[in-house]
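I'd like to ask you about the structure that follows.
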């Protein structure tokens with residue numbers, strides 16, 4: 001009997017490892033339950049978090065305990081063998097589909113240790129109290145059934161440890177920043193365009209200066225600390241800090257950490273409306289950057305953004321307004337020309353009579369706004385127009401942000417990162433300018449709160465006026481887009497619904513005719529939103 005119990009425990013732990021890895025992956029993608037994101041994910045995905053067969057196995061353990069019959073353990077052993085095989089086979093298939101795999105950070109390792117300790121308790125009981133072995137196995141099976149919630153509990157247990165780790169690296173970063181007293185710090189925030197604006201500014205400034213941006217999209221407190229502690233050095237002249245937020249006060253925290261003297265506010269939209277609670281909260285949060293600038297600081301603001309124009313700015317810093325539609329600003333662009341090679345445009349300065357022509361590999365008016373903001377700040381840093389023109393021309397295309405990629409004989413317009421209503425509309429405007437057959441591939445937009453269905457429906461109506469074919473990823477999520485397309489008179493035979501974005505490539509290839517084909521990939525949801533593989 002003891003051997004049977006040991007075999008059952010071993011199989012249970014192997015299965016537990018497989019299931020807990022997936023649970024931790026979802027916890028990580030939901031920012032370690034920041035703003036209860038992980039709990040909300042569980043409640044929306046009950047069938048993924050609680051597997052029916054696991055509940056059946058709990059029943060067999062219960063019968064073994066009540067009737068004191070070891071025969072039920074054979075059913076549990078068989079059940080765990082089947083489940084292990086099923087999930088390992090599924091994991092191999094998912095490896096090719098997972099967009100962002102679990103990153104085994106130090107925090108994840110600490111979480112795994114805590115989780116292991118929690119699950120070790122029933123096994124210890126089994127070892128010392130063999131007469132209660134069935135009860136211990138029953139307890140272990142129940143804990144396995146609730147693995148997604150146990151991961152949540154482990155995350156709570158670890159919070160004091162994580163706070164200590166946070167303060168250690170925070171104090172280390174603050175100490176290092178004090179040494180770099182002459183470092184020019186630029187803060188960049190907005191509902192979208194932050195990463196693009198950061199990369200554009202960095203490319204332009206590096207023509208003359210040594211500039212260092214936060215890598216990739218590391219725009220949280222941890223991201224800034226990692227950049228300061230691991231990447232900044234004494235040769236850097238400018239530190240460009242991208243600043244993201246999900247709720248009021250978070251931008252202020254980042255500003256209190258790095259104390260920017262210069263700030264760029266891209267555009268204010270409705271991204272993360274669900275976590276902010278209201279558009280007013282989004283507006284107020286984004287302006288926390290501008291309100292944090294010193295009196296001798298410089299703010300770059302967008303004169304085409306109603307939410308910026310309408311805000312009562314209290315900061316006394318210098319303000320430079322940019323625009324395209326609104327020419328009653330300090331710097332504006334017009335005569336914009338776009339093709340598959342990039343964009344060209346004229347730049348006007350209110351204090352100068354000369355008009356300068358700029359060319360860039362980037363597409364879309366939103367990138368021109370970002371370039372205008374960078375031009376304004378580069379001038380403040382003492383760069384000449386010729387140096388700035390050189391920098392703008394050398395600006396690299398930004399991965400997953402209206403980036404044109406040739407895939408066979410298809411032109412893929414990759415705009416996969418962080419879609420929002422305004423950005424999606426701008427991406428469609430770019431697609432509309434392209435010659436030939438046009439395709440939109442999208443899973444829709446997320447984190448828009450109560451307006452999510454409305455915005456996705458509007459997106460569908462906008463797509464109908466631009467695209468020849470539409471590929472929707474995930475039937476349930478994209479239903480509002482589908483409704484918008486149909487009600488706009490779009491041919492339902494030209495709408496295709498798939499479960500995974502990778503299935504779209506061979507499908508799109510079948511659309512190719514004599515004309516050039518341009519496929520806009522708008523947004524790419526994290527794995528926690530996958531309708532097919534979240535088991």
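Is there a residue being within 24 Å of residue 449 (Cβ to Cβ), in contact with a strand residue (DSSP E or B) (Cβ under 9 Å, 6 or more places away or on another chain) and either crowded, with 24+ Cβ neighbours inside 10 Å or not assigned by TED's automatic domain parsing to the domain that holds residue 306 (or both) anywhere in region 252-259?
yes
Is it the case that residue 328 is in contact (Cβ under 8 Å) with a residue 24 or more places away in the chain, in contact with a helix residue (DSSP H, G or I) (Cβ under 9 Å, 6 or more places away or on another chain), over 19 Å from residue 254 (Cα atoms) and in a loop (DSSP other than H, G, I, E, B)?
Judged against the criteria, residue 328 is not a match.
Given the conditions (1) in a helix (DSSP H, G or I); (2) touching a strand residue (DSSP E or B) at 6+ places or on another chain (Cβ under 7 Å), which single one is not true for residue 269?
(1)
Continuing with the same structure: So which residues in region 464-474 are closer than 21 Å to residue 500 by Cβ and more than 23 Å from the chain's Cα centre (by Cα), if there are any at all?
Listed by number, the residues that qualify are 467, 469, 470.
So which of 363, 402 ends up being at pLDDT below 95, crowded, with 18+ Cβ neighbours inside 10 Å and at positive phi?
402
If you don't mind, another one. Looking at (1) surrounded by 13 or more Cβ atoms within 10 Å (Cβ to Cβ); (2) in contact with a helix residue (DSSP H, G or I) (Cβ under 9 Å, 6 or more places away or on another chain); (3) touching a residue at least 40 places away in the same chain (Cβ under 8 Å), which is the only condition residue 339 fails?
The one condition residue 339 does not meet is (1).
Just to verify a result, which residue in region 26-39, among those that are surrounded by fewer than 20 Cβ atoms within 10 Å (Cβ to Cβ) and either at pLDDT 90 or above or touching a strand residue (DSSP E or B) at 6+ places or on another chain (Cβ under 7 Å) (or both), is farthest from residue 101 (Cα to Cα)?
39
I'd like to verify a number: residues in region 183-213 that are outside any strand (DSSP E or B), free of Cβ contacts under 8 Å to residues at least 40 places away in the same chain and more than 25 Å from residue 422 (Cα to Cα), how many?
Result for region 183-213: 1.
Would you pick out the residues in region 54-73 that are touching a residue at least 60 places away in the same chain (Cβ under 8 Å) and either surrounded by 12 or more Cβ atoms within 10 Å (Cβ to Cβ) or touching a strand residue (DSSP E or B) at 6+ places or on another chain (Cβ under 7 Å) (or both)?
54, 55, 57, 58, 61, 62, 64, 65, 70, 73
Can you report the number of residues in region 1-60 which are outside any helix (DSSP H, G or I) and under 31 Å from the mean Cα position of the chain (by Cα)?
4
Related question: Go through (1) modelled with pLDDT of 85 or more; (2) touching a helix residue (DSSP H, G or I) at 6+ places or on another chain (Cβ under 7 Å); (3) in a helix (DSSP H, G or I) one by one and return the number of the condition residue 87 breaks.
For residue 87, the failing item is (1).
Also, I was wondering about something else. Please name all residue pairs, on different chains or six or more residues apart, with Cβ atoms under 6 Å, provided the first residue is in region 244-255 and is under 13 Å from residue 187 (Cα atoms) and the second residue is modelled with pLDDT under 90 and in a loop (DSSP other than H, G, I, E, B).
Once the first residue is under 13 Å from residue 187 (Cα atoms) and sits in region 244-255, its partners that are modelled with pLDDT under 90 and in a loop (DSSP other than H, G, I, E, B) give 244/219; 251/245.
Related question: Within region 206-226, how many residues are in contact with a strand residue (DSSP E or B) (Cβ under 8 Å, 6 or more places away or on another chain) and under 18 Å from residue 397 (Cβ atoms)?
Within region 206-226, residues that are in contact with a strand residue (DSSP E or B) (Cβ under 8 Å, 6 or more places away or on another chain) and under 18 Å from residue 397 (Cβ atoms) number 2.
Just give me the residues in region 369-382 being over 15 Å from residue 240 (Cβ atoms) and surrounded by fewer than 22 Cβ atoms within 10 Å (Cβ to Cβ), in sequence order.
Selection gives 379, 382.
Looking only at region 150-178, how many residues end up being at pLDDT below 95 and outside any helix (DSSP H, G or I)?
0
The values are calculated or read from the model by the stated rules, or taken from the named source; none is laboratory data. What you see is a predicted model; the values in this text were computed from it and never measured. Glycine also receives a Cβ, built like all others from the backbone with ideal geometry; neighbour counts cover every protein chain displayed.
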